[in-house]
Amino acid sequence: MSAPEIVFENVSKFYGDVLGVNRVDLRIPPGLTSIVGPNGAGKSTLMNLMCGLIYPDRGEIRVLGIPPRDTERLMRITGYATQFDAAPRWATGFDFVVSSLLLFGYSATLAERLAWAALERVGMTEAAHRKVSAYSKGMRQRVRLAQAIAHDPQVLVLDEPLNGLDPVVRAETIALFRQLAAEGRHVIVSSHVLHEVDSISDRVVLLANGSVIAEGDIRGVREEIREHPSQYVVRCADPPRLAALLFERAPVTEVRALEEDGALLVLTRDRRAFSRVLTALAAGGLAIESVVPADENVNAVYEYLIGGGA
Amino acid sequence: MAIYKRGYQRYDGPRASRAARLAVLVRDAWRRATAQRLVTVLLAASCLWPLLCAFFIYIANHAELWAGMDRSFASILSIDHQFMLTFMKVQAVFSVILAALAGPGLVSPDLANQGLPLYFSRPISRFDYVFARLASLAGLLSLVTWIPGLVLFLMQVSMAQPGWLAANWRLGLGLAAGFWLWIAMVGLVAVACSAYVRWRLIAGALVLGYFFVLSGIGAVINGIFRVEWGDLINPLRASYGVWCALLGAPMPSGLTLPMSLAALALMGALLALVVERRLRPVEVVS
């Protein structure tokens, strides 16, 4: 039985003098994981390393117990979609997916059946027999996704898979990622668009300059950053009174009225105490409509961690 | 009521062998190469010389057709190593042009598309990829080299006097071996140029340049330094040296078989190095 995690142990990769990733220690469990970072942070290097497309200069990688140099076994359990528009223009989407399956050693009949199923999953059956050159950017993105999932891999590595998708297809694709993750697979997506990973991931890996600067679920990562007060937007019927009460009873560092009617931005260093006070106030009859964390998102966390480097 | 746990289950049925997977790559490359109209035109054009040679063999083996001619004409109509070498030289030129047309389409588009990671994220190696490209190109080049060559040889065998084969078997064997050596060289040049340049047109020009510029440089070296080893950097000339040895013809002046083989081996090694350096799963821009 192979280990159910993707493990990086002190992994470094350099391209000559150029840093790819440096001393990465990481364990990725099944589920939907986003690798986030600005361009050049090392996202693609990390993905290429786990797909066995490149090998580390130092350290060790195991993908569900398989070392990347064991390509024959590794490639069978991984599905990879590059960030580049790499689908061959001269082939039809269907032929492209079938060819990729034939390279895995499936019979022609089975390859055609699996290709059709994959194209169905990404909503590309109608355009399956059109040439890739006639596809829109979003369609080419989806056909790349289809070739990555067609052989039913246990580990899906998708480099910037949401680029070029329109909002409807994006939502469908995210739903597909969730479904694949719910089936017990490792779905690893990269993105430099910080706000989009919030909505899709179980956990995030934040990269900057080739190093992992944080990992875990966003809330957990946010809690670890103690030097920055947590921010909440609190909506209530009587904001001035709430502000006065919070200053009096809760460990808040700042309370600011927002332009929106009845909304306050509250900054606190002690989330639990703040939560207790707020609960007590609500129980005491103060009409509090909502409390929403304002900085439990990747953007804010990233900004705190690397000072707005994203 | 039974409750079934629905989760991920990997396919564990039978899979095709490595050779069958390689064949997928070869077929794909073959389709791409033969889809070009110019390649078809050139293939047709390259049949002209073998047809002329076939006519020549027919004439040579029907003495009644030239019974009235003098003795010198009879000596021209001889199917020997010189005839085969001439045939090989002409077809070698056709094969270079064919490689310049078809070869760049095999790798350059994958490089331009950044498609190599897609190939190498399958259970195939870089060696498999290059081998498949070379194999499809070898198939194409075979159509203009050893296949028509052996057809001519067999035609001569069938028309010649009994005993001709026993005296000349080396011609057929040498022709096939010589052409395979040539195909390997031309294929490597085409793949290396295709891997070196993303643009098909320029890669094609580079293939032609490799053969014709090197032959020019060889001639210049010979002319300036009054030597003969300049021929060694001319791939056609170096190959010609090997062909002569294989067919049992006298070696060209200034060339020996070891020198020719060493020159070709060095060229092959350099070309393989270019392919190895350029065909990486992930392109790194530093």
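How charged is the neighbourhood of A:S133? Take every other residue with its Cβ under 10 Å from the Cβ of A:S133, and add Lys/Arg as +1 and Asp/Glu as -1.
Around A:S133, the surrounding residues sum to +4.
Residues of the range B:56-70 with backbone nitrogen within less than 13 Å of a virtual label 7 Å along the Cα-to-Cβ line of B:Q161, please, listed as ranges.
B:61-63
In nm², what is the average projected area of the convex hull enclosing the Cα atoms of the range A:6-222?
Result: a mean projected hull area of 11.5 nm².
Kindly state, as a whole number, the per residue volume in cubic angstrom of the convex hull around the alpha carbon atoms of the range A:229-294.
Roughly 70 Å³ of hull volume per residue.
Convert each backbone phi in the range B:186-197 into a coupling constant with the Karplus relation 6.51 cos²θ - 1.76 cosθ + 1.60 (shift: θ = phi - 60°), then list the ³J(HN,Hα) values in order as whole Hz, x for Gly and Pro.
So the J values, rounded to whole Hz, are 5, x, 5, 4, 5, 5, 5, 5, 5, 7, 7, 10.
From the residues B:P123, A:V292, B:L154, which one has its Cα farthest along the dipole of the protein assembly as shown in the positive direction, the dipole being from +1 and -1 charges on Cβ of Lys/Arg and Asp/Glu about the Cα centre?
Selected residue: B:L154.
Which longest uninterrupted range of chain A lacks any trypsin sites (Lys or Arg not before Pro) assigned by DSSP to a loop state (not H, G, I, E or B) and surrounded by at most 11 other Cβ atoms within 10 Å?
My reading of the result: A:70-225 is the longest stretch.
In peptide A:97-105, how many Cβ atoms from other protein chains are near each Cβ within 10 Å, on average? Walk me through the numbers before you get to the answer.
Details: counts 0, 1, 7, 5, 2, 9, 14, 8, 11.
Average per residue, whole number: 6.
Ranked by Cβ crowding within 10 angstrom, fewest neighbours first, how are B:T86, A:T92 ordered?
Least to most surrounded, the residues fall as B:T86, A:T92.
Using only the Cα atoms of chain B, what do you get for the radius of gyration and for Dmax, in Å?
23.3, 102
Find how much the distance from B:L150 to B:I76 grows on full extension, using 0.36 nm per residue of separation minus their present alpha carbon separation; answer in nm with one decimal. Mind dumping the intermediate values first?
Working: separation 74, 0.36 × 74 = 26.64 nm, distance 2.11 nm.
Length gained, B:L150 through B:I76: 24.5 nm.
Longest segment of chain B with no trypsin sites (Lys or Arg not before Pro) in a DSSP loop having at most 15 other Cβ atoms within 10 Å? If you can, show how the numbers build up before the last one.
Values: sites that count: B:K5, B:R6, B:R10, B:R226.
Segment B:11-225 is the longest.
Looking only at chain A, where both bridge partners belong to it, what percent of the DSSP beta bridges are antiparallel (to the nearest 5)?
About 65 percent, rounded to the nearest 5.
Counting only DSSP beta bridges with both residues in the protein assembly as shown, what percent are antiparallel, rounded to the nearest 5?
65 percent
With all distinct Cα pairs included, what does the Kirkwood hydrodynamic radius of the protein assembly as shown come out to in Å, to one decimal, could you say?
Every distinct Cα pair counted, the radius reaches 28.7 Å.
What nm distance separates the two modelled labels at B:I202 and A:V168, each placed 7 Å from Cα along Cα→Cβ?
With each label point 7 Å from Cα toward Cβ, the separation is 4.2 nm.
Defining a contact as two alpha carbons under 8 Å apart and six or more residues distant in sequence, what relative contact order in percent does the range B:133-232 show?
22 percent
A short reminder: the numbers here are calculations on the coordinates, not readings from a lab. Because the structure is a prediction, the values reported are computed rather than measured. Ideal geometry is used to build each Cβ from the backbone, glycine not excepted, and the neighbour counts take in all protein chains shown.
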